[in-house]
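Inspection log for the structure reproduced underneath, given as structure tokens.
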């Protein structure tokens, strides 16, 4: 059974703070993704990584960065949180190599005040 | 890049009725089309998928159809039950030479009334 965990279910931060969201998977999947979910906008891809130390911009990377130092861990960083980054953040993993099913973490509800 | 449009945004049906959700995509190179179900407060989970070399796929009460020429695909749920109530997302996968990514639709909130 694939297990994808995220560091927090709920997080409240102040404008301007640096925020770290962590995602850990235990299935040796190659690819990892960060999405944000907003009502009426679906899941929008922020960044993804297909290998350790590799990262690719998704559709909405502005204001975010990522780090993948180990295969099992993919971190999303908000350098200076802003109120428009209040959202649900979902991490996902994918086996890769032609298997495109994605497995999601439970999500982090981030509120920036 | 890829653009996926999903309709309707909300769908309300009576238990036992059928439900249909439609998506269109823009990138003719997309070759994999999954559907995810997200129950309230839970994570999205894959319920069915289809690849571009297949026109239809069925799994019990759910089916997906794909029209590559028109670039649209649909989810069909028959004999709906209250536990089918959830948000449904379609997605399209466009692969590069070594990696690709999913582009999701906006989501459909399905409510099945007992």
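A few notes on this one:
- Centroid-to-centroid, using Cα positions, the range A:38-111 and the range B:1-45 are 21 Å apart.
- Mean sequence separation of contacting Cα pairs (under 8 Å, at least six apart), scaled by the length of chain B, corresponds to a relative contact order of 37 percent.
- In the elastic network of chain A, a GNM with C-alpha springs shorter than 10 Å, the most mobile of A:24, A:52, A:66 is A:52.
- For the protein assembly as shown, radius of gyration divided by Kirkwood radius, i.e. Rg to Rh on alpha-carbons: 0.97
- Based on Cα atoms of chain A, Rg over Rh with Rh as the Kirkwood radius reads 0.95.
- Put simply, the convex hull of the Cα atoms in the range B:47-114 casts, on average, a shadow of 5.5 nm².
- Based on Cα contacts under 8 Å between residues 6+ apart, the range A:25-97 shows a relative contact order of 38 percent.
- The value obtained for chain B, namely the Cα convex hull volume divided by the number of residues, is 98 Å³ per residue.
Each value in this text was obtained by applying a stated rule to the coordinates, not by laboratory testing. Everything numeric in this text was worked out from a predicted model, so none of it was measured.
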